[in-house]
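Let me begin by presenting the structure, written as structure tokens, before commenting on it.
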Amino acid sequence: MNTEIEEQKAQNQVEQQEPPPQEGAEQGGPQEPGQELVKREPKPPLVTGERGYIVPRDLDEAYRYAVGVVAAGLAPNSYDNDPKKIMLGIVSALEAGLPPMAGLRNIAIINGRPTIWGEAAMGLAAPLIKRIEKREIGSGFDPSAPREDWPDDYGFHVSIWRKGQETPWTGEFTIGDAKKAGIWSKRNSPWITYPKRMLEIRARTFALRDGFSDALMGLFIREEVEDYREDEAESPRTEARRALLTDDTPDEAPEETAPTPDAPEEPQEGEGGGEPEQPGLV
């Protein structure tokens, strides 16, 4: 009899005890009535691809990769330490066939556009290139002359042959072109320190964009986009809008304003027969 009573007491004590916390539940304050315990499943690890570097397989993994780049302090300045921008930079790099970190080092957001350095653009197009030729053009160029005295017709002509094509894609850019674009005298820019190099890059850019757009995957050339004026970088349709606004557009008539009535002039001292008489004084 005593044994049955002791077993009943032990069972009651077990039933009165709180249930153990479920796996994955947060330890802390008491659970509120009606609140369900959510079990958090661990995220799959980022895996290394065939070429030896980590390749995100979806946007979630790309975002996790971007968060790690920000935490490590390795985000280029053009991404503003924003994981969402870095995630899109990683996606752009993968579309172009670049590893994520190499893509972030060579792809930047300039004037709101994804751009790639000129040398990296050549790397993307290299498997499709058969031959490249470049030559200086213009007359009367003296390398020892001051930069301000260089002739406007001096520049570079670049020809790039694509595999399977007999006719090359060409590009040409001169000092006169740079002056028309307003970039020849651009302060604190490579146009001041490396003018010949910039002339060559701009000539090569035209050939790359015309003949190898499939290799660039819609990326702009960074050296070219950095030279855009802010009003041109806002929208590709800026020039079309500007063409609609001609000089023949009549100016708006100024708004007519009602004349302001003049305030009555106060009598000057000594005018109008002296000071007015005070009432009650003789």
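Given N residues in region 122-233, what is its alpha carbon radius of gyration divided by 2.2 N^0.38 Å?
Ratio of Rg to 2.2 N^0.38 Å for region 122-233: 1.12.
What is the magnitude of the charge dipole of region 59-110 about its Cα centre, with +1 placed on the Cβ of each Lys and Arg, -1 on the Cβ of each Asp and Glu, and no other charges, expressed in debye to the nearest 20?
The dipole of region 59-110 has a size of about 100 debye.
Quick one: order Met87, Met217 by neighbouring beta-carbon count within 10 Å, fewest to most.
So the residues, fewest neighbours to most, are Met217, Met87.
Fully extended, how many nm does the chain gain between Lys179 and Thr193 (0.36 nm per residue separation, minus their Cα-Cα distance)?
3.4 nm
Are any of the pairs Lys85/Lys163; Lys84/Lys196; Lys43/Lys84 more than 28 Å apart by Cα-Cα distance, and if so, which?
Lys85/Lys163; Lys84/Lys196
For region 59-110, what does the alpha-carbon gyration tensor say about shape, rounded, prolate or oblate, given a ≥ b ≥ c as the root eigenvalues, a/c under 1.5 as rounded, and a/b over b/c as prolate?
Oblate is the answer for region 59-110, as a/c is 1.5 or above yet b/c matches or exceeds a/b.
Here, each number is a calculation from the coordinates, and none is a lab measurement. Remember, predicted model here, so these are calculated numbers, not experimental data. Cβ sites come from the backbone with ideal geometry, for glycine too, and all protein chains shown count toward neighbours.
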